[in-house]
Amino acid sequence: MLITIDDAVTRLAGGDVVALPSETVYGLAGLALNEQAIAKIYALKGRPATNPLIVHVAHLQQAEELCYVNSQAKRVGEAYWPGPITLVLPKKKSVPGLVTAGNQTVAIRIPRHPVFLEVLTRLNQPLAAPSANPSNRTSPTEARHVEELFGKKCPPTVDGGKCAVGLESTVLDLSGDQPTILRPGLITRAQIQDCLQRQVGLFQDPSPDPPAKEGQTGRNQGAPSPGMGSVHYAPRTPLALYPTVEEFLISAKFKPGDLVIVADGKDATQLDAKGYLTTPLSTDGCPEEVAQNLYGVLIELDAKNAPSMHLIFTGAREGINRAIWDRLYRAETK
């Protein structure tokens, strides 16, 4: 059911949950300081209690009511908020442990989407908002995806159009001595290092060539960040991942009825000429375009109930492509 912003504000103020658009993906929002609302989010998503939620605020002053904002956080916030980066910081007592999965840190973000910001401003209360999907499934980037994912359990949804970014936010842990990226996103490691003028660690990367695990503190009971499970962002249809067209062709895994997704339109042309019917994510492999279209294509092709899906992504594991690879490795059928 689609609802207006006015209706969303009323429902949220009353302790209900609604799906809201952000620049990253659609989020399942509820009052961050209301444990009943938080419990509804976890129940609707089927989300493990060990997986913390990101708390969204309208401005820095509101963030400072919930956590201890250090100088590094202020520097990153000034550079990239509102925007697709989440900061993990020591929490204050006002934040329920249910939100943080028992951690002594809380993940905070100021979203850039005008609808989400308007709702936050009018409520004048923080909102917890994980992606608006059943746990571990592909995140929605359009309002219609929320209904496709939840079916009859679909929450009331505000339609804010297609998400501009299409991948979840970068998560940066600034709660300890070493700034550490817990989840890569549109804001890259190089950009953060340039902002902070210091080295930034990488906590976890499921790719075959993972970087050193830096910044682990051992202070938390739950996962330090959302989106860190080995299986996440996954369609129901089995998904196979290939770093080159050649590896796809020699794998011999393709069967009649399977679907093929390619990141680069040039590869689509090559495969179409060989008799494959492909769905391109981008005309020329542009990482921003691939990121914006990835989840939508996965959700829409998943609904076709094909035997398998095959996805070819040839981008180098750096910059925005690192975030795309992160999501693909977690979505790939293990």
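Below, the figures for the structure above:
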quantity	calculated
P(r) histogram, all alpha-carbon pairs of the range 239-331 included - 5 Å bins from 0, percent	3, 14, 28, 28, 19, 8, 1, 0
Sorted peptide list for 178-184, 232-238, 1-7, 304-310, criterion being average Cβ within 10 angstrom, highest first	178-184, 232-238, 304-310, 1-7
Set 40/93; 153/304; 153/266 screened for pairs whose C-alpha atoms are more than 28 Å apart	153/266
Cα-only radius of gyration and Dmax that characterise the range 1-75, units Å	13.9, 43
Angle between the chain longest axis and helix 114-123 axis [Cα atoms, degrees, rounded to 10]	20
Exposure proxy order (Cβ contacts within 10 Å, fewest to most) of 40, 45, 152	152, 40, 45
Approximate shape of the range 110-157 as ellipsoid semi-axes (Cα gyration tensor, √5λ), whole Å, largest first	22, 11, 10
In Å, descending, principal axis extents of the Cα set of the chain	60, 46, 31
Relative contact order (%) - the range 114-156, alpha-carbon pairs under 8 angstrom, separation at least six	23
Between helix 71-80 and the chain: long-axis angle, C-alpha atoms, 0 to 90°, nearest 10	50
Order of 245, 262, 76 - criterion: other Cβ atoms within 10 Å of each residue's Cβ, fewest first	245, 76, 262
Nearest 10 degrees, 0 to 90: helix 287-302 Cα axis against the chain principal axis	80
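Values in this text are rule-based calculations from the coordinates and carry no lab data. Note that the structure is predicted; figures quoted are calculated from it, not measured. As a convention, Cβ positions derive from the backbone with ideal geometry for all residues, glycine included, and neighbour counts pool all protein chains shown.
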